[in-house]
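Peer 1: Please see the structure below; I have some questions.
The values are calculated or read from the model by the stated rules, or taken from the named source; none is laboratory data. Owing to the predicted nature of the structure, the values given are computational and were not obtained by experimental measurement. Virtual Cβ from ideal backbone geometry, glycine too; neighbours counted across all protein chains shown.
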Amino acid sequence: MNRYIKICALFCALAGLLAMPAVGKEFIIATPLGEIQVDVPHLTPQGAVVSPEAASVSVFRPPTIFSAPLPSGSGARALGLAGAFTAVADDATAASWNPGGLTQLERPEASFVLRSSREHDTHRVDSEAMSVGTDSFESYGLNYFSGVLPFEAGKRNFVFSINYQEAYDFTQRFTADFTDRSSRRVGNVSQASASSTFAETYVLANGEITLTSDITTETVRTLDQVLASEMLTSLDFDQQGLIDAVTPAFAVELAPKLSVGAAVNFYRDDLFGQNPIRSKTTARFSGLTDSAVGITEQQTTSGTWHYDGVAHVPPVGNIPGFDVPLPGEDGVYEPFTDTAASRDGDRLYYDGTIVEENQTDDLNGVNATFGVLWTVSRLLGLGFTVDLPWTAEARQQRTVSETITTYDASRTRVIDVRETRETETRDVEYRFPLYWAAGAVLRLSDEFYVTADISQTLWSQFYFKSEGEDRLNPLDGTPYGRNKIDDTWSVRGAMEYLLFLSKVEVPLRAGVAWEQRPAVGEPDEFWHFSLGAGVSLGSEPRRVILDVAYMCSLGESALGSLIPGTGMTTDVEEHQVYVSGILHF
């Protein structure tokens, strides 16, 4: 969608042509009284004007960039196992992974998790008009915080916890350069005619001749114009923000080997005011436009004439003079043609900046997470969890600012400066999908276990809706349902070995995961590799547990939905470090 700032230029050629005096032809007509000289002009018809297009400035319209939020994992212990935590769920982050696992916590505790992540994106696109490279960005913050209170009632074990967790991360950065070169030829032919009748009396020596002429001029005007433009644009997209949640959770041990739990997630945007949901697209562009125009006018005039007159007979002697009418006569003006041509051109330079800012505030939503943990035997444990779909309602403000300056060919004179700013605020909603996971843990010894998870996220339920508009696909902006998003799967596996030293216990963890992420068409595929370790210090009831995890995530030919329709793909490399601390009371 290009808008144009029309600049009044290139009309000098047309104005010069119209200002030319009409060329005509001289005719000699013989009469009984002598020859008369007639100047026959070209008539100027109405409607034969052909106007060249004004030199115009193309305003760059930043492409809409679609970057959907991604779920955030919680906890150094869980991420050290590459997220294969559904059947393990033995720390406070079980409230987000599988609330049924909370019954494994036997003492009151408080915990925290800190996160740091860095992403490096390498973009590729097969296009002469678009140039991409690499982008790197990082984020960090409080990933999780919780307090846990186990208690017993009615000979059953119960656990209540209150949790803060990062839920969805909006962080994304993208830069690109665009080159737009175009040229086109405009041709136009206009035809028109004009007719006129005029009479003129010629006084000769022996009388008068009255000549009546009927003149017709056929005019053909031809326009030949070549328009060329070139524009270079630098695009910068930066998005940040979190959806976090305050989550009370409750679990009960129904039987010695079977526990169930539930958590209610109260979602907010940036609860602590440090990372609000914001995006900013900045496009800086400059360019030039050339126009060469030629206008040719061809006029052909023809007509007929008729004259009559009177001859004056002078007096002779006593005989007075008298007039003798002359017989009328008709004739034609032979057609004659004249051609005039003019050529001119103009060049304009321009530069500008367009900034689009979106900010989302007052986001809120609620859903529930349910989980089951079943210890089948001493060797085998199973877990299952489901996170229900939910709707986030928010207030979104969109502001677009434009500054565009146009210069003459010398770049010393400013022809036009335009500044605009438009702000629109609407109520919006996101519909987030259902997620479920099933896991198993195989405890091969007191020191060693392996675990695996399989999960699915129903991203086909994901949509965005703005006040007064229909639902949209958040990944490409098309109407919801036109370009369907496939549901995604993930498979995760990990192991932990508990190393007993003289005074401390050191768990060593490693995991691998294959994950699909939502995209238009085929889901993006990512591989995750994780390592983790921990240390347990002290003894109950004042025991301190520290954990650290590192996860490397790799995706090839991903993020095709970032700028739909360009064919761009991205290799993603993400590094995350999680550090957690748990204090038992």
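Peer 1: Please go through (1) touching a residue at least 12 places away in the same chain (Cβ under 8 Å); (2) out of contact with any strand residue (DSSP E or B) (no Cβ under 8 Å at 6 or more places or on another chain) for Gln172 and return the number of the only condition it doesn't satisfy.
Peer 2: The number of the failed condition is (2).
Peer 1: Taking the stated definitions as given, is Val264 in contact with a Phe, Trp or Tyr (Cβ under 8 Å, 6 or more places away or on another chain) and at pLDDT 95 or above?
Peer 2: Details: in contact with a Phe, Trp or Tyr (Cβ under 8 Å, 6 or more places away or on another chain): no; at pLDDT 95 or above: yes.
No: the conditions fail for Val264.
Peer 1: Give just the number: which of (1) within 30 Å of Leu271 (Cβ to Cβ); (2) not assigned by TED's automatic domain parsing to the domain that holds Leu271 does Leu373 not satisfy?
Peer 2: (2)
Peer 1: Considering only segment 526-569, state which residues are among the hydroxyl-bearing types (Ser, Thr, Tyr) and modelled with pLDDT of 95 or more.
Peer 2: Of segment 526-569, the ones among the hydroxyl-bearing types (Ser, Thr, Tyr) are 530, 536, 539, 550, 553, 557, 561, 566, 569.
If the condition is that a residue be among the hydroxyl-bearing types (Ser, Thr, Tyr) and modelled with pLDDT of 95 or more, then Ser530, Tyr550, Ser553 are the ones that fit.
Peer 1: For the condition β-branched (Val, Ile, Thr) and assigned by TED's automatic domain parsing to the domain that holds Leu559, what is the one hit in Thr219, Thr175?
Peer 2: Thr175
Peer 1: Please go through segment 394-430 and pick out each residue that is closer than 18 Å to Ser279 by Cα and charged (D, E, K, R).
Peer 2: Arg395, Arg398, Glu402, Arg421, Glu422, Glu424, Arg426, Asp427, Glu429 - these are the residues of segment 394-430 that are closer than 18 Å to Ser279 by Cα and charged (D, E, K, R).
Peer 1: Would you check which residues across segment 99-154 are under 21 Å from Val252 (Cα atoms) and aromatic (Phe, Trp, Tyr) and list them?
Peer 2: Listed by number, the list holds a single entry, Phe151.
Peer 1: Taking the residues in segment 176-217 that are acidic (Asp, Glu) and within 30 Å of Ser136 (Cα to Cα) as candidates, determine which candidate is surrounded by the most Cβ atoms within 10 Å (Cβ to Cβ). Walk me through how you get there before you give the answer.
Peer 2: Restricting attention to segment 176-217, the residues satisfying the condition of being acidic (Asp, Glu) are 177, 180, 200, 208, 214.
Checking the rest, the ones that are also within 30 Å of Ser136 (Cα to Cα) come to 177, 180.
On the way: Asp177: 13, Asp180: 16.
That would be Asp180.
Peer 1: In segment 482-505, how many are modelled with pLDDT under 95 and of a type in the set (Val, Ile, Thr)?
Peer 2: Count: 2.
Peer 1: Next question. Just to confirm my filter: which strands (runs of 3 or more DSSP E) fall fully inside segment 49-148 and include at least 2 residues that are modelled with pLDDT of 95 or more? Can you show your working first?
Peer 2: Numbers: elements: 56-58, 109-124, 130-132.
The qualifying strands (runs of 3 or more DSSP E) are 109-124.
Peer 1: Let me ask something else about it. In this structure, does Glu429 turn out to be over 32 Å from the mean Cα position of the chain (by Cα) and either farther than 30 Å from Asp346 by Cβ or surrounded by fewer than 19 Cβ atoms within 10 Å (Cβ to Cβ) (or both)?
Peer 2: When the stated conditions are applied, Glu429 does not pass them.
Peer 1: So, one more: List the residue pairs whose Cβ atoms are under 8 Å apart, where the first residue sits in segment 513-530 and is at positive phi, the second is at pLDDT below 95, and the two are 6 or more positions apart or on different chains.
Peer 2: Gly521/Asn483; Gly521/Gly560
Peer 1: Can I ask one more? Name the single residue, out of those in segment 375-395 being within 47 Å of the chain's Cα centre (by Cα) and assigned to a loop (DSSP other than H, G, I, E, B), that is farthest from Ala440 (Cα to Cα).
Peer 2: In this case the residue turns out to be Pro389.
Peer 1: A follow-up question, please. Looking at segment 405-426, which of its residues are buried (at least 17 other Cβ atoms within 10 Å of the Cβ) and touching a Ser or Thr at 6+ places or on another chain (Cβ under 7 Å)?
Peer 2: Ile415
Peer 1: Okay, next question. Considering segment 120-139 alone, what residues qualify as being among the acidic types (Asp, Glu) and either touching a Cys at 6+ places or on another chain (Cβ under 9 Å) or within 25 Å of Leu242 (Cβ to Cβ) (or both)?
Peer 2: Of the residues in segment 120-139, the ones among the acidic types (Asp, Glu) are 121, 126, 128, 135, 138.
Passing the criteria: Asp121, Asp135, Glu138.
This table checks each residue for (1) hydroxyl-bearing (Ser, Thr, Tyr); (2) in contact with a Phe, Trp or Tyr (Cβ under 7 Å, 6 or more places away or on another chain).
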position: Ser539; (1), (2): yes, no
position: Arg543; (1), (2): no, no
position: Leu546; (1), (2): no, no
position: Tyr550; (1), (2): yes, no
position: Ser557; (1), (2): yes, no
position: Ile563; (1), (2): no, no
position: Thr570; (1), (2): yes, no
position: Gly581; (1), (2): no, yes
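Peer 1: Here's a follow-up. In the list Ser561, Ser536, which residue meets the criterion of being hydroxyl-bearing (Ser, Thr, Tyr) and touching a residue at least 40 places away in the same chain (Cβ under 8 Å)?
Peer 2: Values: Ser536 fails: touching a residue at least 40 places away in the same chain (Cβ under 8 Å).
It is Ser561.
Peer 1: Okay, moving on. Looking at Ala262, Ala251 in this structure, which one is more than 15 Å from Gln359 (Cβ to Cβ), in contact with a helix residue (DSSP H, G or I) (Cβ under 6 Å, 6 or more places away or on another chain), in contact (Cβ under 8 Å) with a residue 40 or more places away in the chain and surrounded by 20 or more Cβ atoms within 10 Å (Cβ to Cβ)? Step through it out loud before you land on a result.
Peer 2: Numbers: Ala262 fails: surrounded by 20 or more Cβ atoms within 10 Å (Cβ to Cβ).
Criteria check complete, one pass: Ala251.
Peer 1: Identify the residue in segment 149-175 that is under 36 Å from the mean Cα position of the chain (by Cα) and not in a strand (DSSP E or B) and, among all such residues, is surrounded by the fewest Cβ atoms within 10 Å (Cβ to Cβ).
Peer 2: So, considering only residues that are under 36 Å from the mean Cα position of the chain (by Cα) and not in a strand (DSSP E or B), the one surrounded by the fewest Cβ atoms within 10 Å (Cβ to Cβ) is Thr171.
Peer 1: Now, a different point. Restricting attention to segment 461-481, does a residue exist that is on the phi < 0 side of the Ramachandran plot, surrounded by fewer than 15 Cβ atoms within 10 Å (Cβ to Cβ) and at pLDDT 95 or above?
Peer 2: No: zero hits.
Peer 1: A follow-up question, please. Scan segment 203-215 and give yes if some residue there is outside any strand (DSSP E or B) and of a type outside the set (Gly, Ala, Ser), otherwise no.
Peer 2: yes
Peer 1: Which condition breaks for Leu271 when tested against (1) among the hydrophobic types (A, V, I, L, M, F, W, C); (2) assigned to a strand (DSSP E or B); (3) under 33 Å from the mean Cα position of the chain (by Cα)?
Peer 2: (2)
Peer 1: Here's a follow-up. Phe526 is checked against (1) farther than 20 Å from Ser460 by Cα; (2) of a type in the set (Phe, Trp, Tyr); (3) surrounded by fewer than 21 Cβ atoms within 10 Å (Cβ to Cβ) and fails just one. What number does that condition carry?
Peer 2: (1)
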